[in-house]
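To start, the structure under review is shown below, and the notes come after it.
The values are calculated or read from the model by the stated rules, or taken from the named source; none is laboratory data. No experiment lies behind these values; they were computed from the predicted model shown. Heads up, the Cβs are rebuilt from the backbone with ideal geometry, glycines too, and the neighbour counts pull from every protein chain shown. Quick note on the areas: whole protein, heavy atoms, side chains included, nothing else; ligands and nucleic acids left out. Shrake-Rupley method; radii C 1.70, N 1.55, O 1.52, S 1.80 Å.
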Amino acid sequence: MIDIGSIRERYAALSPHLDERGRRVFAATEARTAGYGGIAAVSLATGIAASTIGRGLRELAASDGLDFSRVRRPGGGGKQRVTQDATLMADLLSLVEPDARGDPMSPLRWTCKSISQLTRALVAKSHRVGRTLVRE
């Protein structure tokens with residue numbers, strides 16, 4: 001029988017020190033040592049999804065080994081909005097340029113328009129942007 005309490009104790013002691021990948025590998029190791037029913041028991045003890053534990057088991061079983069410099073696979077995450085929307089940068093620059101201040105040779109741009117004004121103008125031109133993206 002699998003001792004869920006001891007798995008829970010080990011996880012509680014280690015989890016503050018682990019990143020996403022560390023939690024996944026820890027859970028997979030516990031499930032592997034527990035044997036049959038290990039995935040369900042570790043999922044119950046830690047709250048980690050069974051699919052995440054399965055992904056950790058696949059990482060442990062991979063023949064190429066684990067790349068310790070990465071937490072996620074290469075290429076993870078969404079693509080940048082500027083690469084998805086080809087006219088976004090040109091439209092933003094056309095809004096900023098008339099009121100630009102400072103050294104024209106500097107990559108840093110100063111404008112009298114607020115981030116909210118720029119965001120509203122870009123949304124009016126049917127771009128899907130928010131204040132954070134415009135600020136960046």
Suppose we filter Ser106, Ser116, Ser126 for residues that are part of a loop (DSSP other than H, G, I, E, B) and open to solvent by less than 60 Å² (accessible area, probe 1.4 Å); which single one remains?
Ser106
Looking at (1) aliphatic (A, V, I, L, M); (2) within 24 Å of Ser69 (Cα to Cα); (3) open to solvent by less than 70 Å² (accessible area, probe 1.4 Å); (4) not in a loop (DSSP other than H, G, I, E, B), find the lone condition where Ile48 falls short.
(4)
The condition of being open to solvent by 80 Å² or more (accessible area, probe 1.4 Å), β-branched (Val, Ile, Thr) and either closer than 24 Å to Arg135 by Cβ or in a loop (DSSP other than H, G, I, E, B) (or both) holds, among Thr83, Thr33, only for Thr83
Starting from residues that are open to solvent by 30 Å² or more (accessible area, probe 1.4 Å) and not β-branched (Val, Ile, Thr), keep the ones in the range 51-62 and report whichever is nearest to Met1 (Cα to Cα).
Leu57
